[in-house]
Amino acid sequence: MSLQARTVLNLIAGAVAGLLAWALTDLTGWFADILRAQHQLVPGEYDYGRFLFYGALFGLLLGLLLGIVEALSLDSQRQMWLALAWGGLIGFFGGALGLHLGQTMWALLAPENSMGAGGSPGLFFRVLLARALGYAIVGAVVGAAQGASRRSWVIARQGAFGGLLGGVLGGIVFQVTAVLLNTAVIARLAALVATGALVGFFVGLVQNLFKQAWIRVVLGRNEGKEYLLAKPVTTIGRSELSDIGLYGDPQIAPTHAVIETLPAEKRHRLRHVADAPGQGRGGPYPPTVVNGQPVTAEQWLADGDTIQIGRRTLLFQEKATRGAVPKIAPLAPNAGGARERPAAVPAPPGLGAGGPAPTRYIGQELSEAATVPPAHPQLGMGGASPEATVVMGRDGAGGLGTRLVGTAGPYAGQSFPLSHETLTLGRATDCGIALPADTLVSRRQAEISYTDGRHRLRDLGSSNGTWVNGQRLTGPHPLAVGDLIQIGDTVFRYD
């Protein structure tokens, strides 16, 4: 599931945990004497151990429910059980610890037998502080449980911070409700539900806001699922121990590749390790492919890179390198009215830098124009051959040997050559122009054919439609040089 969906599920799970905790404590009568004695702030005057169990029960339920959401985002049963076990265990002790610290602060800040209602504003805020501190401890400890199950200090720290924020707000809700309604039962219901929901929400929100790099599955099983890269080394493979599990494909090694997080460089590096010893039977395995290029050792990653492992396609996203890919400069009209590109346009990294520049012949008769090879070069996963010959007729419309140049979206700066062959554009890997990095593109979005000396574009019944110069296509459309084609989040110029 996506990180946004996980945040919403965390909120719901936290609210359900609070409701269950309230039902088990207030409605069953098991803790009636404890709840009546809450204001006798001397532990020796009642069963303080059972009072701590009251907090532990809330923490246990909150940790288990958030652990279920975490388990749903994982791939292996072993990891799921670990998430549940860590969530419940840490939640149990965190709930008891939070209630103990909150009660201790209450004893120091507020007079005996006082809820803060009907007293001075100073008393109200002292009791409010005690409430907020106690629930903040519960939220922080429970929030850190997700990081413990995944052995990630970053996730634990972010979860604890989110849980702390949610707990503080939950404690405030408790005290304000108790004063306004002057009914402890309703106040506890509001407090437990609000605290659970807020802790769950902020645990997910903080992770989503502070994420630096993550992987999204764009093709294959679990399509749309996202994985945070929050460990020094993130493993990818079909092993049950892999951080990103790609199961069911015999072409994928138990640990096929790893992504290293390098804090000093603020970058991420992929290493192909499928050929390393200890991979078991089934090899040799195919290389990891990044942007259509096989990686047999290691490669730096940048935002928008597509990673193909077996039959799965992953999209790497990173804040540090977002927007770093150079854009292709727009065509500028020359004195004769035709369009030509400025002389110096830097080639994007990995797209044929240093290779032959595209060649264009402007003003030639169609019969004089250079011919195009009968078949287009092999296209990779989101990449394309840089050696495309671009030729147009004198009128600049529908010349031979044209290409598509990405001007916006995930494929900005990339070039896809066209020929007389019919090409399909889509997210599927077997398309002539494969666009797996754009999740808004249909598997088979559109088709470019060549008839009567012109390239023609038609939509293949896609959900979002295919657009040319701002108009949605309803049938085959003859292309002219300079036309802007939008599919999904990607904009191409017919060049």
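Of all the numbered requirements in (1) modelled with pLDDT of 80 or more; (2) crowded, with 24+ Cβ neighbours inside 10 Å; (3) among the aliphatic types (A, V, I, L, M), ILE172 misses one, and that requirement is (2).
On the stretch given as region 470-495, residues that are part of a loop (DSSP other than H, G, I, E, B), modelled with pLDDT of 90 or more and within 24 Å of THR439 (Cβ to Cβ) total 1.
Across region 435-469, the number of residues qualifying as assigned to a strand (DSSP E or B) and at pLDDT below 90 comes to 3. Cβ-Cβ distances below 6 Å connect the following pairs, each with a first residue in region 21-44 that is closer than 18 Å to PHE58 by Cβ, a second residue that is modelled with pLDDT under 65, and a separation of six or more residues or different chains: ALA37/TYR46. Look at (1) in contact with a strand residue (DSSP E or B) (Cβ under 6 Å, 6 or more places away or on another chain); (2) surrounded by fewer than 20 Cβ atoms within 10 Å (Cβ to Cβ); (3) modelled with pLDDT under 85 and you find that ARG271 fails only one, number (3).
In region 89-103 there is at least one residue that is out of contact with any strand residue (DSSP E or B) (no Cβ under 8 Å at 6 or more places or on another chain) and modelled with pLDDT under 75.
Which residue out of ASP430, ASP395 is at pLDDT below 90, out of contact with any strand residue (DSSP E or B) (no Cβ under 9 Å at 6 or more places or on another chain) and not aromatic (Phe, Trp, Tyr)? Unique residue meeting the criteria: ASP395.
Just so you know, in region 71-88 the residues that are at pLDDT 80 or above and not hydrophobic (A, V, I, L, M, F, W, C) include one that is nearest to ARG216 (Cα to Cα), and it is GLY87.
Looking only at residues of region 181-224 that are under 11 Å from the mean Cα position of the chain (by Cα) and in a loop (DSSP other than H, G, I, E, B), we find that the one that is farthest from LEU128 (Cα to Cα) is GLY224. In region 173-180 there is at least one residue that is of a type in the set (S, T, N, Q) and in a helix (DSSP H, G or I).
Based on this model, can you work out whether LEU108 counts as at pLDDT 80 or above, of a type outside the set (Ser, Thr, Tyr) and assigned to a helix (DSSP H, G or I)? Here the answer is no, as LEU108 does not meet what is asked. Please pick out the residue among PHE201, PHE161, PHE210 that is aromatic (Phe, Trp, Tyr), under 30 Å from PRO436 (Cα atoms) and at pLDDT 80 or above. Unique residue meeting the criteria: PHE210.
The values are calculated or read from the model by the stated rules, or taken from the named source; none is laboratory data. Note that the structure is a prediction, hence the values are computed from the model and not measured. Methodologically, a virtual Cβ is constructed for each residue, glycine included, from the backbone with ideal geometry; neighbour enumeration extends over all protein chains shown.
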